[in-house]
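The block underneath contains the structure these notes are about, expressed in structure tokens.
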Amino acid sequence: MNISFPGTLPNSVKQPHLFCTNAPRCHRNRINKVHVTACSKFEGNSADILQAPFLSSDKGLSTNNDIMKLFNDAQQNILYLNKQRLVAMEELKRVRREKELLLARLGQLEAESQSSTAECEFLKQKFSLMETAAMAGGAWNLANKDKSKVKGDPPSIFSEMLLRIDLMVLSGAISTAQASEMRSLVTNKDPILAETFYNLKHMSEKELLVGLLPLLDRKRRQALHIVQICTEMAPLTDAGAVASHVTDLCRALRRRNYLVEVVLPKYECMDLSHVQGLKEASTEFNAYFGGKWHRNKIWTGTVYGIAVTFIEPFHLGGFFTRENLYGYNDDFERFTYFCRASLEYLVKSGKQPDILHLHNWHTASVAPLFWDIFVHQGLGSTRILFTCHDFKYQCVEEPRKLGLCGLDPERLHRRDRLQDNLQPRLVNLLKGGIVYSNKVVMISTPFANSIMENKGSYGLESTLMIHKDKIISVPYGLDDTIWNPAMDKYLPAKFSAEDLSGKGKCRTALRRCVGLYEAQAVTAIVGCVCLDISDADLIFIKSALTSAFRNGAQFVLMGASKTPRIQASLEKLQKDFKLLVRLQENCRVIAKHDEALLHLVVAGSDILLCSSFHDPQNQIMLKALKYGALPILRSGNEENGIWNKETESFMLRFNPDVAVSLTEAINHMKDDPVGWANMVKRGMMKDFSWDAECAERYGDAYWSIHEL
């Protein structure tokens, strides 16, 4: 039988890839040496398979039987390779499905860290569907809208809502008209309704109704667009309390469905590693300053899901190419330039935000610039909210400098506008922010009214009284993702108001960690945290030490100072007490900051000394209450030993001799342990988070000026 071989294999057996290191050895039981050579080439190089018949004929293959055997063996190997290829393709599909699931899970976890509760629930259910599809051998395409190809049931939250609405109608709790509006929201898959229902679905019908009825007010449910114009934002900058305030507030507002953006200067000293998707814009814009127009570059990115715009000016002054954020002789010029550039950017980009939110004197000049120049450039519906974090820094300058950013010095240098109250020949930027804003937020103590009457406003008392109707007080929020004893990663044992057993374990751990005596006779641990100690703090700390020893309590101080002289005094105090500790072992001084130990000091203390209520950066009093340590204040407006209704805690006022205040607190703990425990629990149950009173008051302020 004569067989001719074409240049390629038949289509039925042709494969694009011919390789397999585990192919069966075709030369077994063969005696033909040429056969061995041909098959060896097949094992070593797939290209030899196609050429083997021709090569073998040159080396003496003279019979058709040998040729047929070789051809049959090659076919078997090709079939084997084809089978292996199919197995490999199936394995590749499996790996791809696993990769897609991993990417989806990664996206879910990233989104959960920045999303609302409803969004998280939707992501979890969506991921569950993807997992079901993958288990069934299918593949989920994130861009595929054809859900019929996906095995598994869709999310059930909206179906549950429909059933609860029916029950509320049948019970007479809501009218049929209200039920119809709610069903319409369900039909449209309203995200706010989903989030509210998710949080309340396990509660009673009455509690659920209280949460759902406000959602029928469509005007209140409209998402407001807030643009924060500020000079700090955590974790990009770390200059003080404003940075964390801006970030935490924006995150809380996003959880309430607000559209939030932040505009910042692009400092050279800024840590941009925390910015996701940092991108340089391809176009630039001009901003007026000092009689000229200056080019500005725009950078964009997100931080914790918050849209952030960075303005980089091309100005010869190098305004933001400095080592620090503040503290330069031209700070007035630097930040009035930024204010003007921020408004120019909003106009050029076509943004029409509902609210411009300003912070401190650094962005206060946005307010007069807005009303005098920019309000008629497409921003007629925008309103101004100004947050004053501290009255101590006001930026007082010569009136002529207002002309640098385009303001009219003669028009503004008036007592009812920017003229400084204490130095009439100068202008005051902080005052301008108060006068020209629609609403002013004072970050302050619960005793906000007294600030306008006392010396706490540094000469702005009369201005605050004139504008008192637009001033509101908003408390600081506490980041309960970091400061929460029920989930604190630094604590050896977790605890809560419902279960305080972990508090005792933290107390024991604190004693062992710092080397305090562990005798049972000790009545209390008095903690003191001063992350920036002053001379006045040193005086009351020494008085507190004496009082603690006299009452059988132990004392732990963690403190440091930016002033070398005070830091040296603190370190000397630390050395002096080492001699005393050998005898009593009831005092420790830690003259440095240690984040893990700080959490343990707060959690392990029974009483915590606080320098003041107005502690925006460290928030020691709020942390003390949250961790079951009763705070004692060095200053305040309360009488000694009264119950504070605002914070529901037992706060005592320090005086030059702290012995009275501390003694009373220690005796209260010793003589009335049940009453003390109740105060601890009430303090721990108070919600100091950003999502509580702080965000609520800001939301009310936004809506009140939006509806003007």
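What are the pairs with Cβ atoms under 6 angstrom where one residue, in the stretch 249-261, is farther than 12 Å from His225 by Cα and the other, located anywhere, is part of a helix (DSSP H, G or I)? Sequence gap at least six, or different chains. As it stands, the answer is Ala252/Trp690; Ala252/Asp691; Ala252/Ala695, since those pairs meet every condition given. None of Asn360, Asn438 is touching a residue at least 40 places away in the same chain (Cβ under 8 Å), at positive phi and not small (Gly, Ala, Ser) except Asn360. Taken together, the criteria place Ala234 among residues that are in contact with a Ser or Thr (Cβ under 8 Å, 6 or more places away or on another chain), touching a residue at least 12 places away in the same chain (Cβ under 8 Å), in the same structural domain as Phe310 (by TED's automatic domain parsing) and not basic (Lys, Arg).
Would you mind stating whether Asp576 is assigned to a helix (DSSP H, G or I) and either at pLDDT below 85 or within 27 Å of Met684 (Cβ to Cβ) (or both)? Yes, satisfied. Evaluate the following for Leu208: is it farther than 23 Å from Arg251 by Cα, in a helix (DSSP H, G or I) and either touching a Lys or Arg at 6+ places or on another chain (Cβ under 7 Å) or modelled with pLDDT under 80 (or both)? Here the answer is yes, as Leu208 does meet what is asked. Mind listing just one residue for me: the one in the stretch 533-566 that is touching a Leu at 6+ places or on another chain (Cβ under 7 Å) and of a type in the set (Gly, Ala, Ser) and, of those, modelled with the lowest pLDDT? Only one residue tops the list, namely Ser561.
Does Cys506 satisfy the criteria of being at pLDDT below 90 and of a type outside the set (Lys, Arg)? First the steps, then the outcome.
Working: at pLDDT below 90: no; of a type outside the set (Lys, Arg): yes.
Considered against the rule, which asks whether it is at pLDDT below 90 and of a type outside the set (Lys, Arg), Cys506 comes out as no.
Looking at this structure, is Leu407 over 36 Å from the mean Cα position of the chain (by Cα) and surrounded by 21 or more Cβ atoms within 10 Å (Cβ to Cβ)? Answer is yes for this residue. Of all residues in the stretch 423-433, one or more are closer than 22 Å to Leu224 by Cβ, of a type outside the set (Asp, Glu), outside any loop (DSSP other than H, G, I, E, B) and out of contact with any Ser or Thr (no Cβ under 7 Å at 6 or more places or on another chain). When Thr336 is tested against the conditions (1) within 27 Å of the chain's Cα centre (by Cα); (2) closer than 22 Å to Val246 by Cα, the lone failure is (1).
Among the residues of the stretch 261-274, which ones are surrounded by 15 or more Cβ atoms within 10 Å (Cβ to Cβ) and either at pLDDT below 95 or farther than 30 Å from Ala194 by Cα (or both)? Write out each step before concluding.
Pass one, the stretch 261-274, residues surrounded by 15 or more Cβ atoms within 10 Å (Cβ to Cβ): 261-267, 270, 274.
Answer for the stretch 261-274, where residues must be surrounded by 15 or more Cβ atoms within 10 Å (Cβ to Cβ) and either at pLDDT below 95 or farther than 30 Å from Ala194 by Cα (or both): Val263, Leu264, Pro265, Lys266, Tyr267, Met270, His274.
Could we say that Thr382 is in contact (Cβ under 8 Å) with a residue 12 or more places away in the chain, surrounded by fewer than 24 Cβ atoms within 10 Å (Cβ to Cβ) and assigned by TED's automatic domain parsing to the domain that holds Leu249 here? So Thr382 passes the test.
Yes/no per residue for (1) in contact with a Gly (Cβ under 9 Å, 6 or more places away or on another chain); (2) surrounded by 16 or more Cβ atoms within 10 Å (Cβ to Cβ); (3) farther than 19 Å from Leu630 by Cβ:
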| residue | (1), (2), (3) |
| --- | --- |
| Gly502 | no, yes, no |
| Cys513 | yes, yes, yes |
| Val529 | yes, yes, no |
| Asp537 | yes, yes, yes |
| Leu545 | no, yes, no |
| Gly552 | no, no, no |
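Surrounded by fewer than 20 Cβ atoms within 10 Å (Cβ to Cβ) and part of a loop (DSSP other than H, G, I, E, B): does that describe Pro235? Answer is yes for this residue.
Within 26 Å of Arg254 (Cα to Cα) and surrounded by 17 or more Cβ atoms within 10 Å (Cβ to Cβ): does that describe Met203? Spelling it out, it is not the case that Met203 is within 26 Å of Arg254 (Cα to Cα) and surrounded by 17 or more Cβ atoms within 10 Å (Cβ to Cβ).
Taking the stretch 84-200 and the helices (runs of 4 or more DSSP H) fully enclosed by it, the elements with 1 or more residues that are modelled with pLDDT under 75, more than 30 Å from Thr481 (Cα to Cα) and of a type in the set (Gly, Ala, Ser) are at 117-135.
Please go through the stretch 421-433 and give me each residue that is of a type in the set (A, V, I, L, M, F, W, C) and either surrounded by fewer than 24 Cβ atoms within 10 Å (Cβ to Cβ) or in contact with a Gly (Cβ under 8 Å, 6 or more places away or on another chain) (or both), ordered by number.
Pass one, the stretch 421-433, residues of a type in the set (A, V, I, L, M, F, W, C): 422, 426-427, 429-430.
Those that are of a type in the set (A, V, I, L, M, F, W, C) and either surrounded by fewer than 24 Cβ atoms within 10 Å (Cβ to Cβ) or in contact with a Gly (Cβ under 8 Å, 6 or more places away or on another chain) (or both): Leu422, Leu426.
Contact map, the stretch 183-203: residues that are under 18 Å from Tyr258 (Cα atoms) paired with residues that are of a type in the set (Val, Ile, Thr), Cβ distance under 9 Å, separation 6+ or inter-chain. Pairs shown: Leu193/Val186; Ala194/Thr117; Ala194/Ile157; Ala194/Val186; Glu195/Thr117. In the stretch 524-543, of all residues being in a strand (DSSP E or B) and among the hydrophobic types (A, V, I, L, M, F, W, C), the one that is nearest to Arg511 (Cα to Cα) corresponds to Ile525. For beta carbons closer than 6 Å, sequence separation of 6+ or different chains, a first residue in the stretch 482-502 that is more than 21 Å from Asp594 (Cβ to Cβ) and a second that is aliphatic (A, V, I, L, M) and not in a loop (DSSP other than H, G, I, E, B), the qualifying pairs are Ala497/Met684; Ala497/Met685. Criterion applied to Asp606, Asp594, Asp615 was being under 19 Å from Ile566 (Cβ atoms) and either outside the structural domain of Ile539 (by TED's automatic domain parsing) or at pLDDT 85 or above (or both), and the one residue passing it is Asp594. Tyr345 fulfils the conditions (1) modelled with pLDDT of 95 or more; (2) at positive phi except for a single criterion, (2).
The values are calculated or read from the model by the stated rules, or taken from the named source; none is laboratory data. Remember, predicted model here, so these are calculated numbers, not experimental data. Please note: Cβ atoms are built from the backbone with ideal geometry, for glycine as well, and neighbour counts cover all protein chains shown.
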